[in-house]
Every structure is written in structure tokens, then in C-alpha cells.
Amino acid sequence: MSIVVENLNYVYNPKTAFEKHALIDVNLTVDEGEFLAIIGHTGSGKSTFVQHLNGLIKLQSGKIVVDGIDLTQKKVDYKLLRATVGMVFQYPEYQLFADTVYNDVAFGPKNLKLSSQEIDERVREALNLVGLNFDYVSQKSPFELSGGEKRRVAIAGVIAMRPKILVLDEPTAGLDPSGKNEILNLVTKLRETTVHTVVMINHDMDEVARYATKVAVFDKGSVKFVTTPQKLYLKRDELVQMGLDIPTLAKLKLYLSSKGIEVGEDCLTSEKMTRELEKLAKGGENV
């Protein structure tokens with residue numbers, strides 16, 4: 001298991017007039033290699049939950065084990081935890097601060113007290129993985145770059161730590177459709193090459209359907225259910241009650257089913273749905 005969470009509770013401002021129970025008995029397991037999407041309306045506890053995974057929020061009650069690191073222990077190696085769990089916040093380009101792209105990406109590895117050669121190797125590797133040319137961008141100010149390039153540099157700074165687990169809080173926020181696809185394709189590439197496990201908060205149900213392997217739905221601080229993107233449409237009534245919805249192509253699937261046209265369960269991307277409908281139009285069997 002990459003992540004095991006048991007009976008996690010968290011209270012902001014306990015024993016004050018502003019007390020808020022942000023997480024209530026959260027139980028969740030993320031297996032190595034999974035791409036978990038976390039969905040839920042604003043205030044449902046998503047960000048509070050993921051910030052526990054690398055110790056940004058300290059454990060109050062419950063148990064968390066991340067890649068064998070037990071956060072209930074009195075002495076937790078937070079340096080190891082934060083090297084294991086890479087955290088990419090919403091609008092990560094706002095995290096940029098150094099005078100050059102090189103120094104920004106190198107910041108984390110330098111804190112690990114690595115050799116200059118190792119730091120250089122990691123910076124080059126990370127920039128290459130996010131699709132940026134080292135010779136072109138390394139000595140530029142990150143603030144001279146485009147919005148999409150800035151976001152890639154910020155992600156490279158996380159990847160340079162070589163985390164096993166990548167946690168992203170709405171990584172496509174504020175991007176146009178092309179930019180969103182670029183970032184999510186990048187995350188998919190990283191999962192296939194360097195990062196073992198991905199946890200992503202996302203409000204876009206179509207992105208969840210396309211990229212995730214498992215979905216956890218948060219509501220009022222609790223995990224209401226965990227399912228696959230392919231099964232989300234079965235929970236439509238519950239999702240609507242929580243102010244959420246199902247993916248667009250899941251709606252199309254339900255509409256087609258109401259007309260007596262059945263398509264494959266995994267038809268949650270435009271490519272798969274198109275192939276399925278073309279096959280049905282030609283009189284073929286369902287895929």
C-alpha cells in the first residue's frame with residue numbers, strides 16, 4: 001500500500017468559538033500505482049486531507065501510514081516524508097521565487113544536502129520530464145516565462161525531489177482547455193515514468209473520468225464513497241445532492257441506454273465513445 005488512512009479526524013481552532021470539524025472519521029487506502037481523484041464541493045475537507053499526507057498539517061487523531069512512514073510515531077522523519085510525497089498546490093506558479101529557473105528547481109535537492117553533480121542531474125532530469133529545454137530555460141527568470149511554462153517549472157521543482165507519490169491540488173485551475181490537457185498529460189507521463197502513485201483534487205468530472213483509476217468523494221468532512229470513474233454514473237443522485245455531477249460522457253451513456261443503445265462501461269473518453277458508436281453504426285457488437 002502507498003497510503004493507508006484510518007479514522008482520521010481534524011478540528012480547526014479546537015475549543016474556541018471558531019471550532020470547525022474539517023475531517024470526520026476518514027478511512028481511505030491508496031494502492032501503489034493508482035491515480036486517485038478526490039472530488040467534493042468547497043469546504044468538504046479535500047485540501048485538509050491531502051495536506052496531512054506530507055505533514056503540512058500535523059496529525060491530531062487517527063492513523064496515517066505513507067509508504068511505510070507511520071505518522072502516529074512520536075518522532076516522524078518529515079524530511080523523508082516530504083521527499084517521498086511531492087505536493088503541487090493550486091496555482092503552483094505562485095510558489096516560484098528564485099532568480100533563475102535552475103535555482104528554483106534546485107531548491108529542494110539543495111535542502112537534501114546533495115552534491116552539486118547530483119543536484120545538476122536532478123534539475124536537468126526534472127526540466128526534461130516536464131517538457132522544457134534545459135539550455136533554453138535554465139538561466140531565465142521564471143517570471144519571464146508563459147503561464148504554462150511557469151506551472152511546468154513549479155512541477156519540475158517537485159519532481160526534482162524524486163517523490164514516489166505526487167499530490168496535486170487542482171493542477172489545471174485557471175488554464176484553458178489546451179493548457180489543462182498539457183498538464184494532465186504531463187501528470188500521466190510522470191506516473192508512467194517516475195512517480196508511482198498520484199493523488200489529485202479536481203472539480204472537473206470529465207478530467208476525473210479520463211485520467212483517474214479510482215475516485216474518492218468527500219462531503220462535509222467525510223468520505224461518502226470510493227468508486228471507479230466507470231461506476232460514477234451509478235451514484236448520480238447522491239452526487240447531485242452534494243452539488244456535484246457525473247462526467248459528460250456518462251450522461252450520454254445514460255441517454256443512449258434510455259433509447260435502448262448500450263455502450264461499453266469504459267466509454268468515458270471521446271475517443272472510446274466515438275469508436276464504440278462507429279462500431280454500433282456498422283452493426284458490430286459492443287466492445
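Bear in mind these aren't lab numbers, they're just calculated from the coordinates by the rules spelled out. Note that the structure is a prediction, hence the values are computed from the model and not measured. Neighbour counts are summed over all protein chains in view; Cβ atoms, including those assigned to glycine, are modelled from backbone coordinates with ideal geometry.
Just a few scattered comments:
- Loop-located GluC sites (Glu not before Pro) in the stretch 7-115 (DSSP state other than H, G, I, E, B) with a sparse environment of at most 15 neighbouring Cβ atoms within 10 Å: Glu19, Glu32.
- R0 of 22 Å, Cβ-Cβ distance Lys251-Lys189: FRET efficiency to nearest 0.05: 0.15
- Each part gets one Cα centre, and for the stretch 1-58 versus the stretch 120-150 those centres are 32 Å apart.
- The long axis of helix 101-111 is offset from the longest Cα principal axis of the chain by roughly 70 degrees.
- Computed magnitude of the charge dipole of the stretch 145-186 (debye, nearest 20; Cβ of K, R +1, Cβ of D, E -1): 220
- Pairwise FRET efficiency - Val240 versus Leu80, Cβ, R0 = 45 Å, nearest 0.05: 0.60
- Note: relative contact order over the stretch 3-246, using C-alpha pairs below 8 Å and six or more positions apart, is 27 percent.
- Filter on Lys79/Lys220; Lys189/Lys282; Lys110/Lys140; Lys110/Lys150 - keep pairs with C-alpha separation over 29 Å: Lys79/Lys220; Lys189/Lys282
- The angle separating the long axis of helix 116-129 from the principal Cα axis of greatest extent in the chain is about 20 degrees.
- Normalised by the number of residues in the stretch 247-287, the mean separation of alpha-carbon contacts (under 8 Å, six or more apart) gives a relative contact order of 34 percent.
- 10 Å Cβ shell holding at most 13 others, DSSP loop, trypsin sites (Lys or Arg not before Pro): longest site-free stretch of the chain: 114-258
- Here Ser141, Ser47 are placed in order of increasing Cβ neighbour count within 10 Å, fewest first, which gives Ser141, Ser47.
- Calculated over the stretch 247-287, the projected area of the Cα convex hull averaged across directions stands at 2.5 nm².
- Relative frequency of Cα-Cα separations exceeding 23 Å in the stretch 85-241, percent: 40
- Kirkwood estimate for the stretch 154-200, i.e. one over the average of 1/r between Cα atoms, Å: 11.0
- Dipole magnitude of the stretch 3-246 about its Cα centre (Cβ charges: Lys, Arg +1; Asp, Glu -1), debye to nearest 20: 640
- If the convex hull is drawn through the Cα atoms of the stretch 99-169, its volume per residue in Å³: 90
- Extension gain for Val226 to Leu112 (0.36 nm times residue separation, less C-alpha to C-alpha distance): 37.4 nm.
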